[in-house]
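Below is one structure; the comments refer to it alone.
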């Protein structure tokens, strides 16, 4: 959870001005967009709320990476505003997952653990690939850091989906799936607050403030 904690204490933050960083972002955009389609279909077939929540996370990540690319090279205030928008979007996504999970608690049947496990494993492989691609650039301004937090959410979320699939299979109950979906929503909200806090700090910081 604390993979980016160290960057908060540094004044000289990476701003994304790297051709290699842009190439890596394009790769993870493709990975996340593709997995959004795969997990949306898999979640529907399995009747899994956790898979559907994770699919939404993939979509949010693809959009986040796109906004990050667009903001690279702009002013500090523009990058901070882009991060603020991404933080608000992630916060709303977390609220939607919470509300949707609560609504389906009394409606959903037991999800199909086999489909959950198969799709979850594929998503985990995609997320590990994305994390490895972005590991080098995990520290940076709010715009860059939001990318790392979303990648971290992916990896944690897919491990949770795999655990939920096993628990659903063992217990023949829908509750592990719903609990994991709620925990993932909480992770979205926590990451959103971190992004919002840093972006607001950067918006208040004078644009020409000298590094200490």
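Estimated translational diffusion coefficient (Stokes-Einstein, Kirkwood radius over Cα pairs, 25 °C, 0.890 mPa s) of segment 16-204: 149 µm² per second.
Computed over segment 125-182, the percent of Cα pairs more than 15 Å apart is 55. Each label was represented as a point 7 Å from its Cα along the Cα-to-Cβ direction; for residue 201 and residue 45 these points are 4.4 nm apart.
Distance between the 7 Å Cα→Cβ label points at residue 114 and residue 20: 4.5 nm.
Modelled label positions at residue 132 and residue 190, each set 7 Å beyond Cα in the direction of Cβ, lie 2.6 nm from each other.
Taken together, the values in this text are just the output of simple stated rules run on the coordinates, not laboratory data. No experiment lies behind these values; they were computed from the predicted model shown. Neighbour counts run over all protein chains shown; Cβ positions are idealised from the backbone, glycine included.
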